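Student: First, the structure itself, so that you have it in front of you.
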Amino acid sequence: RKGINRLSSGSKAFDELMGGGLESQSIIEFFGEFGSGKTQICFQLAVNATRPVEEGGLNGDVFIIDTENTFRPERIVQMAVALDLDPEEVLKKIHVARAFNSHHQMLLVEKANELAHEMNVKLLIVDSLTAHFRAEYVGRGSLAERQQNLNKHMHDLLRFADLHNAVIAVTNQVSSKPDAFFGDPTRPIGGHIVGHAATYRLYLRKSKGGKRIARLIDSPNLPEAEAVITVSEEGVRD
Ligand code: GTP
Ligand code: MG
C-alpha cells in the first residue's frame, strides 16, 4: 500500500508496538472493559491528528461518530493545552456527530464521506462501534442480521480509510456477562466479523496507577506484543 501515513498515539511505546504509529488505510480496534481507556485514547488521537506530520499528526480534520454521548470537549481542551496547542483551533477541526441508533451510525459514515470532500478528514473515530448493535439485536434470532449489518459497516469504514487515506479507530467493549453467542466473557462484541475486518486489534486492560496495558492481537505483519501506556490529566503518554 502506497503513501501510508502514521498517527502518533502520544506514547512512544505504543507507537513502536504499532510499527511506528497508527497506519492510515486501516481500521484499528480498541477493545476492553469499561474504564480501560478506549475513549481517552480516541480523544488523544483526535488531538494528535490535527497536528503537523512532523509532530506525529496527520495535519487533518477529525470526524467522530459518538454513539454513547461520551464526547467531552473540555477533555480535548486539556489535552491540547498540555501540548501547547490552541484549544480553539484544535476543536474547530474535530467534528462530532451523535449516532442515535445503529442505522444512523451507518448513515453517518456516508455523511463523513461527503464531509471529506470539503474537509481534510484524516481520522475517523467510531466510539463505540458495537454498543448500538448489541443493544438493538437481542437474542439468537437476530444475530445473522446484526452480523450482516456490522459487516457492512466495517466495509464502509474500510472504504473510507482507502478513499481518504485515513486512519479509522473504533472501540469495542468486551461482554461482561456471557453472551449467548460469545460464551467467553473476555471476547469482544461482534466476534469474527469485527475481528476479521479490523486491520489491527488492541486489547486494553487496567494496570496500577493510571497505567494501561495494550496488547496487539492478530496483526497481519507485527508480532503479538504489549505496551504500557499512562492515561493522565495531560492525556496518553508513556
Ligand atoms: P467505556 O466506554 O465505559 O467502555 O470505557 P472506556 O474504555 O472508554 O474508558 P475511558 O476511556 O472513558 O476511561 C476512563 C478512565 O480514564 C477513568 O477511569 C480515568 O482513570 C481516566 N481518565 C479520564 N479522564 C481523566 C482525567 O481527566 N485525568 C486522569 N488522570 N484520568 C482520566
Ligand atoms: Mg468509552
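Student: Please work out which one of (1) closer than 23 Å to D15 by Cα; (2) of a type in the set (S, T, N, Q); (3) buried (at least 20 other Cβ atoms within 10 Å of the Cβ) is the condition S102 fails and give its number.
Tutor: S102 satisfies every listed condition except (1).
Student: Quick one: is F160 at pLDDT 95 or above, surrounded by 14 or more Cβ atoms within 10 Å (Cβ to Cβ), touching a strand residue (DSSP E or B) at 6+ places or on another chain (Cβ under 9 Å) and not in a helix (DSSP H, G or I)?
Tutor: no
Student: Take region 133-172 and flag every residue that is without any contact (Cβ under 8 Å) to a residue 40 or more places away in the chain and among the β-branched types (V, I, T).
Tutor: Residue satisfying the conditions is V138 alone.
Student: Return the residue satisfying two criteria in turn: it lies in region 109-122 and is closer than 19 Å to E68 by Cα and in contact with a helix residue (DSSP H, G or I) (Cβ under 9 Å, 6 or more places away or on another chain), and of such residues it is surrounded by the most Cβ atoms within 10 Å (Cβ to Cβ).
Tutor: A112
Student: Among the residues of region 17-47, count how many are away from ligand 1 (no atom under 15 Å from the Cβ), within 13 Å of the chain's Cα centre (by Cα) and either assigned to a helix (DSSP H, G or I) or among the hydrophobic types (A, V, I, L, M, F, W, C) (or both).
Tutor: Number satisfying all stated conditions: 2.
Student: While we're here: What pairs can you find where one residue is in region 63-82 and surrounded by fewer than 20 Cβ atoms within 10 Å (Cβ to Cβ), the other is hydroxyl-bearing (S, T, Y), and their Cβ atoms are less than 8 Å apart, with a gap of 6+ or different chains?
Tutor: E68/S128; T70/T39
Student: For the list (1) within 13 Å of ligand 2 (Cβ to nearest atom); (2) out of contact with any Phe, Trp or Tyr (no Cβ under 8 Å at 6 or more places or on another chain); (3) under 17 Å from L22 (Cα atoms), I need the number of the one condition that K38 fails.
Tutor: With (1) within 13 Å of ligand 2 (Cβ to nearest atom); (2) out of contact with any Phe, Trp or Tyr (no Cβ under 8 Å at 6 or more places or on another chain); (3) under 17 Å from L22 (Cα atoms) applied to K38, the lone miss is (2).
The values are calculated or read from the model by the stated rules, or taken from the named source; none is laboratory data. Since the model is a prediction, treat every value here as computed from it, not as a measurement. Using ideal geometry, Cβ is built from the backbone for each residue, glycine included, and neighbour counts are taken over all protein chains shown.
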